[in-house]
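Engineer: Can you read through this structure? Questions will come right after.
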Amino acid sequence: MAQQTLTAAVRAGASDAAQRIAKHLSPAVAKSSDFVAERAEGTYIYTTDGQKHLDMAAGIGVVSTGHCHPKVVKAIQDQASQLIHSGQNIFTSNVAQVGLLDRMLKIVPPGLTRLFFANSGSEAVDNAIKVARAHTKRQNIICFENSFHGRTFGAMALTTSKTYYRQGFAPLMPQVVVAPYPYCLHCKVRQAHPEGDSWYKIQPNVAPYDSYTARTCCNAPMESLKWILKQQSAPSETAAIIVEPIMGEGGFLTPPPSFLPTLRKICDEHGIVLIIDEVQAGVARTGKWWGHQHVSGEAMHPDILIFAKGIASGFPFAGLATRDDMFDGLALGTMGGTYGAAPLACATANATLDVIVEENLLENATQRGLQLTEGLVQLADKYPIIDVRGRGLMCAVEFGGHDGSMTASPGVAAAVTKAAGKRNMLLLTAGARESVRFLPPLTVSEGEIAEALSIFGDCLEDVFGISAQQAATA
Ligand SMILES: Cc1ncc(COP(=O)(O)O)c(C=O)c1O
């Protein structure tokens, strides 16, 4: 069926259109709703059934400037009429990419003056592995529990947030070692605290709440890492440590402030490359250009920084920034790709970065993130929310049990996102435990966050409220 006819059929609710979708698209792609998207604007997305949805997912944190921001749309239209593709192996560069270099060099951490552009986060991760291995002439990569780095063979081997990302695909890329990531809420040392769980308070790590420092991290994950370097991966064989500054898919786990600087120190001590994967936390999402800057300030930088998602407002684009000397070990031709650094993608990224600056979206992410956090903390008084975490507009809640325990019934997070879908709000689960994450466009307004909190409260009532409990016991 021609695309237009199929669209019309879907819009009309024709069951054969739904059947075609079910029959011809890969069934291995998990879908969190059964809507068919048609158009979108700002924080709202419209589906073929005539519904309007408040988008608190933004395509998994991708649509940073809101859906179809006029400046982004215009940049795409203008670029499309000039040059869609040139080829990074054919031309030295293209005009849009030259403009992007100027913009990127203003925002990447100091010293990371070499850039490589790709099309997806996973592809950028794979390239970071190549750079680290070639530079160090070592093989091992240390990643962390709960991490998500992507679905290609390299990135998948570094992904531990859920078994199903790797299930059935072995043998995976070898020489990967997994280290524990700080997850204070379920830390065994914390659980052994003499005051038990009552010692633990919800303590979002955004001002004016008490900072995470108040949690006085026991440093168990760092201790484990030191033993890993003694027992499993000799420093002389460890090429890189790859880490998300806030675990994204793994549940928005936000490490204590000492964590990343300690990693930096360990890497410096042993000549290990520190790769910070900012695919989800980067590009202003957390209220700073890069998620790691909340804890490190000017004090520490990665050797390789990976970006994707929010960099181009939904256009497929990604890349890495690194130091000049990091490419020393790479022969000519070892990096590339047909579509990398495509003019359309670069022009979209240029417009995206301009909008972030012009509309002061770093500040909006901070303020709206705080509003969201405050609202979620209030809901924790009434519903079994045991943690509110993340930074800026990368914000999540984790659910506990009805009985006040730290473990929720399996499936409650999915039940909440399903309830949100019924109430026309798009939300995502995160991690192997029961968490729900909010990733709205960085342009989201105060009114829209208030609307999201109100709908979320209704969803919690649907799932955990008195009527839900009565239904469960009936
Ligand atoms: C932290 C992180 N790294 C890498 C990826 C993979 O990016 P992509 O899906 O563009 O390949 C993701 C995707 O969610 C991510 O969150």
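Engineer: On the Cα set of the chain, report Rg and Dmax in Å, please.
Structural biologist: Rg, Dmax (Cα atoms, Å): 22.3, 69.
Engineer: Using 0.36 nm times the number of residues separating Asp458 and Ser224, minus their current alpha carbon distance, what extension gain do you get?
Structural biologist: Using 0.36 nm per residue and subtracting the Cα-Cα distance, I get 80.1 nm.
Engineer: Once you have a ≥ b ≥ c as the square roots of the Cα gyration tensor eigenvalues for the range 52-153, tell me rounded if a/c is under 1.5, and otherwise prolate or oblate according to whether a/b is larger than b/c.
Structural biologist: Oblate shape, in that a/c is at least 1.5 and b/c is the bigger or equal ratio.
Engineer: May I ask you to list the residues of the range 81-110 whose amide nitrogen lies under 20 Å from a point 7 Å from Cα along the Cα→beta-carbon direction of Phe327?
Structural biologist: 86-110
Engineer: What share of all Cα pairs of the range 325-474, in percent, falls into each consecutive 10 Å distance bin?
Structural biologist: For the range 325-474, the binned pair fractions read 10, 32, 24, 17, 12, 5, 1 percent.
Engineer: Still on this structure, please answer the following. Would you grab the residues whose amide H sits under 5 Å from the one on Thr429? Only those 5+ places off in sequence or on another chain, please, with H modelled 1.01 Å from N.
Structural biologist: Arg437
Engineer: Here's another thing I want to ask about it. Using the Karplus curve 6.51 cos²θ - 1.76 cosθ + 1.60 with θ = phi - 60°, what ³J(HN,Hα) values do you get for each residue of the range 219-226, in whole Hz, with x for Gly and Pro?
Structural biologist: So the Karplus estimates, Gly and Pro as x, are 6, 4, x, 5, 4, 4, 4, 4 Hz.
Engineer: Under a point-charge model restricted to the Cβ atoms of Lys and Arg (+1) and Asp and Glu (-1), what is the dipole moment magnitude of the chain relative to its Cα centre, in debye to the nearest 20?
Structural biologist: 880
Engineer: How much solvent-accessible surface does Arg20 expose, in Å² to the nearest 10, with a 1.4 Å probe and all protein chains in place?
Structural biologist: Here the accessible area works out near 90 Å².
Engineer: Each residue of the range 245-253 in turn: what ³J(HN,Hα) in whole Hz from Karplus with 6.51, -1.76, 1.60 and θ = phi - 60°, glycine and Pro shown as x?
Structural biologist: Ordered by residue, 3J(HN,Hα) equals x, 9, 5, x, 4, x, x, 6, 5 Hz.
Engineer: For Lys418, tell me the accessible area in Å² from a 1.4 Å probe, rounded to the nearest 10.
Structural biologist: Roughly 140 Å² of Lys418 is accessible to a 1.4 Å probe.
Engineer: Hey, if we sort Ile455, Ile142 by accessible area with the 1.4 Å probe, largest down, what's the order?
Structural biologist: Highest to lowest solvent-accessible surface, that is Ile455, Ile142.
Engineer: Let me ask something additional. What part of the accessible area of the range 71-358, given as a whole %, is carbon or sulfur when the probe is 1.4 angstrom?
Structural biologist: It is 56 percent, rounded to a whole number.
Engineer: Of Leu305, Gly421, Ala408, which is farthest on the positive side of the dipole of the chain, counting Cα position, with +1 on Lys and Arg Cβ, -1 on Asp and Glu Cβ, and the Cα centre as origin?
Structural biologist: Highest projection toward the positive end goes to Leu305.
Engineer: Could you sort Glu461, Glu244 by their accessible area in this structure, using a 1.4 Å probe and putting the largest first?
Structural biologist: Ranked list, largest accessible area first: Glu461, Glu244.
Engineer: Provide the FRET efficiency to the nearest 0.05 for the Ser258-Thr338 pair, computing r from the beta carbons and using R0 = 30 Å.
Structural biologist: Given R0 = 30 Å and the Cβ-Cβ separation, E is 0.10.
Engineer: Nothing charged except the Cβ atoms of Lys and Arg (+1) and of Asp and Glu (-1): what's the magnitude of the dipole of the range 380-428 about its Cα centre? Round to the nearest 20 debye.
Structural biologist: Roughly 280 debye, rounded to the nearest 20.
Engineer: Using θ = phi - 60° and the Karplus curve 6.51 cos²θ - 1.76 cosθ + 1.60, what whole-Hz ³J(HN,Hα) does each residue of the range 134-142 get, with Gly and Pro shown as x?
Structural biologist: 5, 5, 8, 6, 10, 10, 6, 10, 9
Engineer: Which value, in Å², gives the accessible area per residue of the range 71-358 when a 1.4 Å probe is used on the protein heavy atoms?
Structural biologist: I get 42 Å² per residue for this part.
Engineer: Continuing with the same structure: Using +1 at the C-beta of Lys and Arg and -1 at the C-beta of Asp and Glu, which of Gly457, His53, Met156 has the Cα lying farthest in the positive direction of the dipole of the chain?
Structural biologist: Positive-most Cα among the choices belongs to Met156.
Engineer: Now a separate question. Name the residues of the range 225-256 whose amide N is less than 13 Å from a point 7 angstrom out from the Cα of Ser32 along the C-beta direction?
Structural biologist: 248-252
Engineer: Ok, one more. Along the Cα-to-C-beta direction of Arg151, a point sits 7 Å from the Cα; which residues of the range 24-44 have their amide N less than 16 Å from that point?
Structural biologist: 24-33
Engineer: By how many nm would the segment from Lys188 to Glu269 grow when fully extended, if each residue of separation counts as 0.36 nm and the alpha-carbon distance is taken off?
Structural biologist: 26.3 nm
Engineer: Obtain the nm distance between the two label points defined at Gln232 and Lys52 by a simple spin-label model: each point lies 7 Å from its Cα along the Cα-to-C-beta direction.
Structural biologist: With each label point 7 Å from Cα toward Cβ, the separation is 5.1 nm.
Engineer: Something else now. For Ile142, what residues show an amide H to amide H distance below 5 Å, using hydrogens built from the backbone and excluding near sequence neighbours?
Structural biologist: Close amide H contacts, sequence-distant or interchain: Val177, Ala240, Ile241, Ile242.
Engineer: Where the accessible area of the range 26-66 is counted over protein heavy atoms with a 1.4 Å probe, how much of it, in %, is carbon and sulfur?
Structural biologist: 53
Engineer: Kindly sort Thr47, Thr163, Thr429 by accessible area of their heavy atoms, largest first, with the probe set to 1.4 Å.
Structural biologist: Greatest to least solvent exposure: Thr163, Thr429, Thr47.
Engineer: Between Gln19 and Asn360, what is 0.36 nm times their sequence separation minus the Cα-Cα distance? Round to one decimal in nm.
Structural biologist: 118.3 nm
Engineer: Shifting gears a bit: Using the Cα centre as the reference, give the magnitude of the dipole from point charges on the C-beta atoms of the range 248-307 (Lys, Arg: +1; Asp, Glu: -1; all else neutral), rounded to the nearest 20 debye.
Structural biologist: 180
Engineer: To the nearest 500 deg cm²/dmol, what mean residue ellipticity at 222 nm is calculated for the chain from DSSP H runs of n ≥ 4 alone, each contributing -39,500 (n - 2.57), summed and divided by the residues?
Structural biologist: Theoretical 222 nm ellipticity from helices: -11000 deg cm²/dmol.
Engineer: How much accessible area does Tyr339 have with a 1.4 Å probe, in Å² rounded to the nearest 10?
Structural biologist: 140
The values are calculated or read from the model by the stated rules, or taken from the named source; none is laboratory data. Everything numeric here is computed off the predicted structure, so don't read it as measured data. For neighbour counting, all protein chains shown are included, and Cβ atoms are generated from backbone atoms with ideal geometry for every residue, glycine included. Heavy atoms of the whole protein, side chains included, go into the accessibility calculation; ligands, DNA and RNA do not. Shrake-Rupley method; radii C 1.70, N 1.55, O 1.52, S 1.80 Å.
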